[in-house]
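Worksheet: the structure to be examined is printed underneath.
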Amino acid sequence: STSSACLQPVGPRDVARNARFIAFIADQLAPLGHVTTRTMFSGAGIYCDGTIFALVLRDTLYLKVDDANRADFQAAGSSPFSYEAKGRTVEINSYWRAPEHLYDDPDDMLTWARAALAAGRRAAVKEKPKRKRR
C-alpha cells in the first residue's frame with residue numbers, strides 16, 4: 001500500500017522524483033484550463049482555475065471523487081487515499097487513486113480529470129460559507 005509510505009521520511013531523491021511526476025501530471029492536465037500546483041504534505045494539490053481536483057502523493061495521482069464519479073473508480077478497482085495514524089488506517093473517501101491505465105492514455109486521463117474537476121467544483125459550492133442576512 002502506498003498510503004503508509006506517505007508517513008515515511010522523504011529524502012532529496014524522493015522530492016526530486018516527486019517534483020518531476022507533479023510536473024508531468026500538470027502537463028498532462030493542462031488542456032483542462034489554468035492548471036496550477038501547490039506543495040502540501042509530501043506532495044502537491046492540483047488545481048484548475050482555482051479549484052482543487054487532484055493530489056499527488058509519493059508518485060501517485062489521486063483524483064477528487066463524489067457520488068457522480070465514484071462508481072467509475074470502483075469499477076476500475078481503485079481505492080480511496082488512506083494512511084496510517086495512531087495504529088489505524090484513515091481513509092479519505094473524497095480522493096481515489098487514479099487507475100494505472102490513465103498514464104498511458106492522455107485522452108482518457110483528461111476524461112477522468114474532467115469528472116474529478118466537476119466533483120471539485122461541486123464540493124467548492126457546498127463548502128462556501130453562507131452569507132448572513134441583514
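The values are calculated or read from the model by the stated rules, or taken from the named source; none is laboratory data. On a predicted model such as this, the values are computed, not experimentally measured, just so you know. Cβ placement follows ideal geometry from the backbone for every residue including glycine, while neighbour counts extend to all protein chains displayed. For accessibility, only protein heavy atoms count, side chains too; no ligands or nucleic acids. Shrake-Rupley method; radii C 1.70, N 1.55, O 1.52, S 1.80 Å.
Odds and ends about this structure:
- Candidate set: region 80-91, residues that are surrounded by 14 or more Cβ atoms within 10 Å (Cβ to Cβ) and not charged (D, E, K, R); chosen: the one farthest from GLY120 (Cα to Cα): TYR83
- The set of residues from region 92-102 being open to solvent by 50 Å² or more (accessible area, probe 1.4 Å) and touching a Leu at 6+ places or on another chain (Cβ under 8 Å) comprises just one member, ARG97.
- Lone qualifier among ASP104, ASP59 - being in contact with a strand residue (DSSP E or B) (Cβ under 9 Å, 6 or more places away or on another chain) and of a type in the set (D, E, K, R): ASP59
- In the set (1) buried (at least 19 other Cβ atoms within 10 Å of the Cβ); (2) modelled with pLDDT of 90 or more, SER3 fails one condition alone, (2).
Table: residues versus (1) hydroxyl-bearing (Ser, Thr, Tyr); (2) over 25 Å from ASP14 (Cα atoms); (3) in contact (Cβ under 8 Å) with a residue 60 or more places away in the chain.
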site	(1), (2), (3)
GLN28	no, no, yes
THR36	yes, no, no
THR39	yes, no, no
GLY50	no, yes, no
ARG58	no, no, no
LEU61	no, no, no
ASP67	no, yes, no
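- Within region 15-58, being open to solvent by 50 Å² or more (accessible area, probe 1.4 Å) and outside any helix (DSSP H, G or I) holds for HIS34, THR37, ARG38, THR39, PHE41, ASP49, GLY50.
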